[in-house]
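Remarks on the structure that follows.
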Amino acid sequence: MKLSRQFTVFGSAIFCVVIFSLYLMLDRGHLDYPKSPRREGSFPQMLDVYSLIPFDNPDGGVWKQGFDISYAVNEWDSKPLQVFVVPHSHNDPGWLKTFDDYFREMTQYIFNNMVIKLKEDSRRKFIWSEISYLSKWWDAIDKPKKDAVKSLLQNGQFEIVTGGWVMPDEAAAHYFAIIDQLIEGHQWLEKNLGVKPRSGWAIDPFGHSPTMPYLLKLAGFSHMLIQRVHYAVKKHFALHKTLEFFWRQNWDLGSGTDIFCHMMPFYSYDIPHTCGPDPKICCQFDFKRLPGGRFGCPWGVPPETIHPGNVQKRAEMLLDQYRKKSKLFRTTVLLAPLGDDFRYCERTEWDHQFKNYQLLFDYMNSHPEYNVKIQFGTLSDYFDALDKEDVTSRKNSQSTFPVLSGDFFTYADRDDHYWSGYFTSRPFYKRMDRILESHLRSAEILYYFALKQAQKYKISKFLSSSHYMALTEARRNLGLFQHHDAITGTAKDWVVVDYGTRLFHSLMNLKKIIGYSALLLILKDKNSYNSYSFDNLLEMDFKQNSQSSLPQKTVITLSADPRYLVVYNPSEQDRNSVVSVYVSSPTAQVTSASGKPVEIQMSAVWDTASAISRTAYEISFLAQIPPLGMKVYTIVESANSDPHLAEYVLYNGNIKDKGIFNMKNIKSAEEDITLENSFLKLQFGPSGLMEGMINKEDGKHHEVKVQFSWYGTTSKKDKSGAYLFLPDGEAKPYVYTTLPFVRVQRGRFYSDVTCFFEHVTQRVRLYNIQGIDGQSVEVSNIVDIRKEHNREIAMRISSSISSQNRFYTDLNGYQIQPRMTMSKLPLQANVYPMTTMAYIQDAKHRLTLLSAQSLGVSSLKSGQIEVIMDRRLMQDDNRGLEQGVHDNKITANLFRILLEKRIVVNMEEEKNAVSYPSLVSHITSFFLNHPVFTMIEKIPMPTLQLLGEFSPLLSSLPCDIHLVNLRTIQSKVDGKHSDEAALILHRKGFDCRFSSRDTGLLCSTTQGKILVQKLFNMFTVSSLIPSSLSLMYTPPDARNISEINLSPMEISTFRIQLR
């Protein structure tokens, strides 16, 4: 994705990410600090940077957003300037066209011509990043072409940079999916090309997250490059020559997470903005724009073909730009990228660029008075030369480069054009992405366990199945969606449908893999698998009919023949959860595996807001399921059933048909509507919206008010679109003239209040159970703004917490980034990405909004959290998409609200650069994103015999250790698996000044230690070997280990083999 046109930049806006420079000192027992001292003492956080930036956006001359650069001609006399011109082509896996259309019309020709054109001259170079395209081409080409590619890689003419399946978005993508697409790319490279990428290249994601450098570092990378950073930040970094720095995690007390990062200084990654500060001149050295071509230079001066008559003048013009650009950096080594979107398609373009540049290089290199050494290079050629320079110039072991921590959101490319709209755009698919992730993770884990059992019992039907190919396809479809025009919601309508169709197709396949794997694991007689594994005997209880519709629950037709109900717990913790299924009869009975009846709550299924179904009933019961395990129940129609019927009170409406339920109609609520469980009491106003929470522990009343509001778009020329949020001022309250219909349900295991507004149906539910699910409030919004024009709908939570202007958002579900709302910035600059949570706090309390989908979030006033749930915009925002966002769907947003008591803190610590969720918050977030899966025996099979439970682990993992994935590794043969899996573990950093007593946590912490032999119950670990994150490297001293040790925040990958 690239900007469509160049602009003069005026206005005075800036964004600010704020991080603070002290450290949150957690209880030493819970946080083992790295041993090595800091290299820099205290190092800059982005906050230190922001306090220094004058947010004035003056006209900088030819470099509109910068300043004039000057130099003395003799500066390079003692050390010549070393220039690496790096040809590249940015290929979006879907944006204005679908992935397949781009490949067919453009990308395949780029590869085909690369092979021919790089072979013509060994000095030519080229870099590539998206493996999704490379693998598609590879599958279609012959052996000579494949050998040619391998030899180009070997002799350093062609380099793979980053090497993920895509170049992922860094705001909305979850770290599970970012890691997964990185492994998919690196595994493909290992198998097909035998190469290991070592430099990161992220020129197009709309803002940058520190999660990315951490993951690249873990994968074995030493250098990386970023481009889309707020223009005022770029200018500041350029003035101080800090565009190259060591990027360090804000939670790292040593320097172990440092990775070298190069920030590109100018407006864009295209050729006019990469040779130097003056686009009018640089454009003349983009030889695709020669007169007679399809497009020229918007600054009015075209390129000239290089010939002996003009080579001196042109070489000096270009060298002047290179020298000016090099003045922004600390060394005499210079990077000059040479490329743009889908470049190097035609052979003529290869010729024009490479031949003209070679003439310029030869001329410059043959004139020693220029003091320049210039050549084509790959990204790693540049970084290698830079390292060499850094080593020679390093005096008293101090590096040339500074250290920095923090993130680069929210991005603005000019004026007050902040890219905070895409944090929410197309929220339907942002939610679907998270559902697919949860299914993929469960399918991976169950598949590997089932594979081991199938090998042990020689179950040919499972071993010969195509499950592994379907799993690979699902990994790739999820990977494709992490692309920075996919999960961002910034592609054309039909491209969005293409992504959605892929996600939907894989979701269906994963449900099958989960069903087949679960069946094999839970069968009493494994050898009977062959006779039962037809047409998905165990069927998931959620059905989705198309890529654009919400999932619906399946109604189980009951009879006197019992059928099995299998409940799977995807968490590594023991779990008490309420399981709800729809049944056809009000006389349902559920029994546990031991034959004991289970208590059930029976609730009405509603066909419309005020009409109950007479053909379906919801039954809910409490299941305690072992970690990563399954529990088996049976369900039957029986006259002895004795369910607890839920009771209903209905306000502002009238229900005639009450069925079997006790229902009271009340004109309007005279006093507060309340719900309570053993932890909380909630109060609701007459419109059915929550207004307060009472924590039972101390009996204190807290204002926690939920409201909706609307944003419009500005009346100025530039309006909000898929990327940009340009509101017409503060949000306006959501107005309704009559009170909405409100439905209150009180039941044995849960109670809820549902209110029906024109654009939102909100259900607030409280679970009446001891355990994690009972501590927070579940909020589900069904949003429909399909009739609106240029409006965005937000949910605002207002509280009495005195948070001032500070709040906290997560990055990629991996870490927390402190934020500061700044009055000197426009409203849209104070909106940040929320992947899984945002919170506010004061000395006594923390209020957290946990989210099951990525959205934009802000805290514009003290005590508030506001999340933008959907946006419908009627115009393009001039970033190349050439359409608005009006393909809105009925969208489900799911949240939890958690109010926690803090054990008081020295308020100075609030300015810390780092903050952590509590353990309860971490586990609540996991449960929210990974609900238990219920599977039903599709047709009652009297002969089918299942075990009572499947319990693969000896016990819960420690509370702070999360199993990210257990991912079967590919074999050398296409579409086949090996016997090994990648075991990926993450030790979460948590704030232990929140009590975890009486919270229902069924686990303990162990300072990050796990004994391998005490891990599995039904399997033996035959080997466990440490590896780099994406399996590219095995440490030199790697051997089979018997104890896993993780530091807080650490993510580690192991190659595991079970039998």
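Assorted remarks:
- For the stretch 77-95, the set of residues classified as surrounded by 19 or more Cβ atoms within 10 Å (Cβ to Cβ) and more than 15 Å from Phe126 (Cα to Cα) consists of Leu81, Gln82, Val83, Asp92, Pro93, Gly94, Trp95, listed by residue number.
- Residues located in the stretch 961-998, provided they are farther than 23 Å from Lys1009 by Cβ, of a type in the set (Lys, Arg) and in a strand (DSSP E or B): Arg967
- Selection count, the stretch 179-200, where residues are surrounded by fewer than 24 Cβ atoms within 10 Å (Cβ to Cβ) and either closer than 15 Å to Tyr214 by Cα or under 26 Å from the mean Cα position of the chain (by Cα) (or both): 6
- The stretch 154-182: number of residues that are part of a loop (DSSP other than H, G, I, E, B), farther than 16 Å from Ala474 by Cβ and either modelled with pLDDT under 95 or in contact with a Pro (Cβ under 8 Å, 6 or more places away or on another chain) (or both): 8
- Any hit, the stretch 750-763, residues being closer than 28 Å to Ile178 by Cα, outside the structural domain of Arg248 (by TED's automatic domain parsing) and small (Gly, Ala, Ser): no
- Per the listing Val49, Val18, the residue uniquely more than 15 Å from Lys911 (Cβ to Cβ), surrounded by 19 or more Cβ atoms within 10 Å (Cβ to Cβ) and either modelled with pLDDT of 85 or more or not hydroxyl-bearing (Ser, Thr, Tyr) (or both) is Val49.
- Filtered by the rule that a residue be among the basic types (Lys, Arg) and touching a strand residue (DSSP E or B) at 6+ places or on another chain (Cβ under 6 Å), the stretch 687-740 gives Lys705, Lys719, Lys732.
- Which numbered condition Asp270 fails, given (1) surrounded by 22 or more Cβ atoms within 10 Å (Cβ to Cβ); (2) within 27 Å of Ala72 (Cα to Cα); (3) of a type outside the set (Ser, Thr, Tyr): (2)
- Of all residues in the stretch 412-434, those satisfying the criterion of being over 17 Å from the mean Cα position of the chain (by Cα) and not in a strand (DSSP E or B) are Asp413, Arg414, Asp415, Asp416, His417.
- Restricted to the stretch 291-302, and to residues there that are surrounded by 11 or more Cβ atoms within 10 Å (Cβ to Cβ) and within 41 Å of the chain's Cα centre (by Cα), the residue that is nearest to Trp63 (Cα to Cα) is Trp299.
- Within the stretch 762-801, the set of residues being part of a strand (DSSP E or B) and over 20 Å from Trp710 (Cβ atoms) comprises Arg763, Val764, Arg765, Leu766, Tyr767, Val777, Glu778, Ser780, Ser799.
- Note on the stretch 999-1018: residues that are basic (Lys, Arg) and either assigned to a strand (DSSP E or B) or within 28 Å of the chain's Cα centre (by Cα) (or both) amount to 1.
- Residue within the stretch 482-503 that is crowded, with 22+ Cβ neighbours inside 10 Å and of a type in the set (D, E, K, R) present: yes
- Qualifying residue in the stretch 530-551 (condition: closer than 19 Å to Glu444 by Cα and of a type in the set (S, T, N, Q)): yes
- Search result, residues across the stretch 321-341 that are of a type outside the set (Phe, Trp, Tyr), under 16 Å from Tyr357 (Cβ atoms) and out of contact with any Ser or Thr (no Cβ under 9 Å at 6 or more places or on another chain): Gln321
- Tallying residues that are in a strand (DSSP E or B), more than 18 Å from Arg871 (Cβ to Cβ) and of a type outside the set (Gly, Ala, Ser) within the stretch 727-761 yields 13.
- The lone criterion from (1) assigned to a helix (DSSP H, G or I); (2) farther than 26 Å from Asn113 by Cβ left unmet by Gly185 is number (2).
- Ser668 being in a loop (DSSP other than H, G, I, E, B), surrounded by fewer than 20 Cβ atoms within 10 Å (Cβ to Cβ), of a type in the set (Ser, Thr, Tyr) and at pLDDT 95 or above: no
- Qualifying residue in the stretch 153-168 (condition: at positive phi, polar (S, T, N, Q) and surrounded by 24 or more Cβ atoms within 10 Å (Cβ to Cβ)): yes
- When Arg330, Arg343 are checked against the criterion of being under 29 Å from Gln108 (Cα atoms), in the same structural domain as Phe266 (by TED's automatic domain parsing) and outside any helix (DSSP H, G or I), Arg343 stands alone in meeting it.
- Residue match in the stretch 1009-1028 (condition: within 22 Å of Ala177 (Cα to Cα), touching a helix residue (DSSP H, G or I) at 6+ places or on another chain (Cβ under 8 Å) and not charged (D, E, K, R)): yes
- Every pair of residues 6+ apart whose Cβ atoms lie under 6 Å, when the first sits in the stretch 878-905 and is under 30 Å from Asp718 (Cβ atoms) and polar (S, T, N, Q) while the second is at pLDDT 95 or above and part of a loop (DSSP other than H, G, I, E, B): Gln883/Asp876; Asn888/Ile785; Asn888/Arg786
- For the stretch 1024-1048, the set of residues classified as touching a residue at least 24 places away in the same chain (Cβ under 8 Å) and among the hydroxyl-bearing types (Ser, Thr, Tyr) consists of Ser1027, Ser1028, Ser1030, Tyr1033, Ser1042, Ser1047, listed by residue number.
- Here Pro1048 passes the criteria (1) within 15 Å of Ile984 (Cβ to Cβ); (2) crowded, with 18+ Cβ neighbours inside 10 Å; (3) of a type outside the set (A, V, I, L, M, F, W, C) except the one numbered (1).
- All strands (runs of 3 or more DSSP E) inside the stretch 807-900 with 1 or more residues being assigned by TED's automatic domain parsing to the domain that holds Thr924, at pLDDT 95 or above and of a type in the set (S, T, N, Q): 815-820, 837-841, 845-851, 855-858, 864-872
- For beta carbons closer than 7 Å, sequence separation of 6+ or different chains, a first residue in the stretch 253-277 that is assigned to a helix (DSSP H, G or I) and a second that is at pLDDT 95 or above and of a type in the set (Ser, Thr, Tyr), the qualifying pairs are His273/Tyr267.
The values are calculated or read from the model by the stated rules, or taken from the named source; none is laboratory data. Since the model is a prediction, treat every value here as computed from it, not as a measurement. Virtual Cβ from ideal backbone geometry, glycine too; neighbours counted across all protein chains shown.
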